[in-house]
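K.L.:
One structure follows; several queries about it will come next.
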Amino acid sequence: MIMKITKKSQLFSEAFKYILAGLFSILILIAGYKSISAIQQRSCAAEIKNFESELKNLDKNLRYGTKELKSYVVPCGAKNIYLFDLSRKIDLEQFNKVPVMKDSLKTSGNHNIFLVRENKVIDSFYSGNLEINMPYYFCLLAKNEKIEFFAEGTAAAAKITLPDEQLQCS
């Protein structure tokens, strides 16, 4: 009878060890996943701030008459980058898929650059006065996580045009 209790207690002890090891492993995996997610979020926020600082005051960083090819790495896997000429009236009906952007433009918000991924705005900001020909905006597709455009200094804005190889949204 004493042997039976010892074997049962050994089985219980072994099972308890495995359950405890399993729970501990699950907790480590969850903590690791949360840490990686937090690091990715901070990295994305840093990429966006860097992108924003590179485009800030685009109109003021160009001398009158100079035309420069600007190339930027797109942050956080954004697929579409919208540039708007806020001094012009833009037909907003074409932006129904991205209601946050549409509402910002409708209420005369001052953001003229929008980073969009899967029809959701991941960030927006003001980069200075932009001059864009009709339809008064560009929707750029990131190609190898980069976008390119020409910026030309004018009296009151940066005139934006696109090189032939820059992909645009349809």
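K.L.:
Contact list please: Cβ distance under 6 Å, first residue in segment 157-170 and under 18 Å from Tyr136 (Cβ atoms) and aliphatic (A, V, I, L, M), second residue open to solvent by 60 Å² or more (accessible area, probe 1.4 Å) and in a loop (DSSP other than H, G, I, E, B), pairs at least six apart or on different chains.
P.N.:
Qualifying pairs under 6 Å: Ala157/Asn129.
K.L.:
Output yes when any residue across segment 72-88 is among the β-branched types (Val, Ile, Thr) and modelled with pLDDT under 90, and no when none is. Give the steps one after another, and end with the answer.
P.N.:
From segment 72-88, those among the β-branched types (Val, Ile, Thr) are 73-74, 81; that's our starting set.
Still in the running and modelled with pLDDT under 90: none.
No, segment 72-88 has no match at all.
K.L.:
OK, next. Take the residues of segment 140-154 that are more than 22 Å from Ser43 (Cβ to Cβ) and crowded, with 20+ Cβ neighbours inside 10 Å: which is nearest to the chain's Cα centre (by Cα)?
P.N.:
Checking each candidate, the answer is Leu140.
K.L.:
Select, from Ala15, Ala46, the only residue that is open to solvent by less than 70 Å² (accessible area, probe 1.4 Å), more than 25 Å from Glu148 (Cα to Cα) and either in a helix (DSSP H, G or I) or modelled with pLDDT of 85 or more (or both).
P.N.:
Selected residue: Ala15, the only one of Ala15, Ala46 that is open to solvent by less than 70 Å² (accessible area, probe 1.4 Å), more than 25 Å from Glu148 (Cα to Cα) and either in a helix (DSSP H, G or I) or modelled with pLDDT of 85 or more (or both).
K.L.:
Can you tell me how many residues in segment 117-146 are of a type in the set (Val, Ile, Thr) and over 14 Å from Ile48 (Cβ atoms)? Steps first, please.
P.N.:
Step one: of segment 117-146, the residues of a type in the set (Val, Ile, Thr) are 121-122, 132.
Okay, now just the ones that are also over 14 Å from Ile48 (Cβ atoms), so 132.
Selection size over segment 117-146: 1.
K.L.:
So, in segment 155-170, of the ones that are among the small types (Gly, Ala, Ser) and modelled with pLDDT of 90 or more, which residue ends up surrounded by the fewest Cβ atoms within 10 Å (Cβ to Cβ)?
P.N.:
Taking segment 155-170 and keeping what is among the small types (Gly, Ala, Ser), we get 155-158, 170.
Next, from what is left, pick out any that are modelled with pLDDT of 90 or more: 157-158.
Values: Ala157: 21, Ala158: 27.
Among those residues, the one meeting the criterion is Ala157.
K.L.:
While we're looking at this one, here's another question. Can you find, within segment 52-76, the residue that is least open to solvent (accessible area, probe 1.4 Å) among those that are among the polar types (S, T, N, Q) and closer than 30 Å to Ile39 by Cβ? Write out each step before concluding.
P.N.:
To start, the set of residues in segment 52-76 that are among the polar types (S, T, N, Q) comprises 53, 57, 61, 66, 71.
Restricting the remaining residues to those that are closer than 30 Å to Ile39 by Cβ gives 53, 71.
Working: Ser53: 74, Ser71: 56 Å².
Per the stated criteria, the residue is Ser71.
K.L.:
Looking at segment 95-128, which of its residues are surrounded by 13 or more Cβ atoms within 10 Å (Cβ to Cβ), of a type in the set (S, T, N, Q) and out of contact with any Ser or Thr (no Cβ under 7 Å at 6 or more places or on another chain)?
P.N.:
Asn119, Ser127
K.L.:
When you check Lys79 against the structure, is it in contact with a strand residue (DSSP E or B) (Cβ under 7 Å, 6 or more places away or on another chain), surrounded by 14 or more Cβ atoms within 10 Å (Cβ to Cβ) and either over 23 Å from Leu130 (Cβ atoms) or basic (Lys, Arg) (or both), yes or no?
P.N.:
Details: in contact with a strand residue (DSSP E or B) (Cβ under 7 Å, 6 or more places away or on another chain): yes; surrounded by 14 or more Cβ atoms within 10 Å (Cβ to Cβ): yes; either over 23 Å from Leu130 (Cβ atoms) or basic (Lys, Arg) (or both): yes.
It is true that Lys79 is in contact with a strand residue (DSSP E or B) (Cβ under 7 Å, 6 or more places away or on another chain), surrounded by 14 or more Cβ atoms within 10 Å (Cβ to Cβ) and either over 23 Å from Leu130 (Cβ atoms) or basic (Lys, Arg) (or both).
The values are calculated or read from the model by the stated rules, or taken from the named source; none is laboratory data. Please read all numbers here as calculations on a predicted model, not as lab measurements. As a convention, Cβ positions derive from the backbone with ideal geometry for all residues, glycine included, and neighbour counts pool all protein chains shown. In case anyone asks, the SASA skips ligands and DNA or RNA and just uses the protein heavy atoms, side chains included. Shrake-Rupley method; radii C 1.70, N 1.55, O 1.52, S 1.80 Å.
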